[in-house]
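The values are calculated or read from the model by the stated rules, or taken from the named source; none is laboratory data. Source: prediction; values computed, not measured. Because the Cβ atoms are built from the backbone with ideal geometry, glycine has one as well, and the counts that use them run over all protein chains shown.
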Amino acid sequence: MTSDLFDLPLALLEAGAVRFSPDAPFTWASGLKSPVYCDNRQLLGFPAVRTAVADALCASVKENNKRATLIAGTSTAGIPWASMVADRLGLPLAYVRPEPKKHGMGRQVEGPMTEKHSVVLIEDLISTGGSSLKCVEALRDEGAEVLEVLALFSYGLSKAETAFLSKNVNWRVLAVFSDLVKRAVENGAITRSGQDSLAVWREDTQAWSDGFAQ
């Protein structure tokens, strides 16, 4: 599920997109508490990295999803990446809200109707997979075939693997958590003991989260 087209973990660290905070953990959209947070939107401020990410995403689509007829982005962080990919590949673009709009047309998928399209959904980050799968469901409800969810980064949690498998959704990422941690240790962003703490967290994220909450 990974791509080694360029060193995205290193780029994330150099862009300041990754924060480690085991003593004051972050809260994800899923409600889980986490000692690490990755904000891929920071990469947009670095033109060379932004270009490299777009190149990698386009290469992945061309190699793995030649049948794609539409690129969709998840709202909001997936939209800029999807826009770049759609523009470079000359494909229609849509984006998917986490839930239907409460006014106007009440659409969840914005842009052209995706019915009968073969779609690659661009996501910035996958944690538990829940938000991505809501977008997949919205596209399927319109009659689209979702070829794959393509993300910049994944925490590599078994919960996400199980979720995607249960919904019969293919997914692929440019960089995974283990590579990020390796780079962080090499760069001195975390210590070896910090690496061990992160391993404990990843072994059972729910138990770690519940334990911290108590």
**Q.** the stretch 16-38: number of residues that are surrounded by fewer than 18 Cβ atoms within 10 Å (Cβ to Cβ) and touching an Asp or Glu at 6+ places or on another chain (Cβ under 9 Å)
**A.** 2
Q | Pair list, Cβ < 7 Å and 6+ apart or interchain, from the stretch 54-65 residues that are over 19 Å from Leu43 (Cα atoms) to residues that are part of a helix (DSSP H, G or I) and modelled with pLDDT of 95 or more | A | Val61/Val85; Val61/Leu89
Q) Taking Arg107, is it of a type outside the set (S, T, N, Q), under 30 Å from Ser158 (Cβ atoms) and surrounded by fewer than 17 Cβ atoms within 10 Å (Cβ to Cβ)? A) no
Q: Considering each residue of the stretch 45-59, count those that are over 15 Å from Ala151 (Cα atoms) and in contact with a helix residue (DSSP H, G or I) (Cβ under 7 Å, 6 or more places away or on another chain), and give that number.
A: 1
Q: Give the number of residues within the stretch 76-92 that are out of contact with any Asp or Glu (no Cβ under 8 Å at 6 or more places or on another chain) and outside any helix (DSSP H, G or I).
A: 4
Q) Restricting the stretch 44-89 to residues that are of a type in the set (Ser, Thr, Tyr) and within 23 Å of Ser127 (Cα to Cα), which is surrounded by the most Cβ atoms within 10 Å (Cβ to Cβ)? A) Thr74
Q) So how many residues does the stretch 185-214 have that are surrounded by fewer than 17 Cβ atoms within 10 Å (Cβ to Cβ), among the hydrophobic types (A, V, I, L, M, F, W, C) and within 15 Å of Ser30 (Cα to Cα)? A) 2
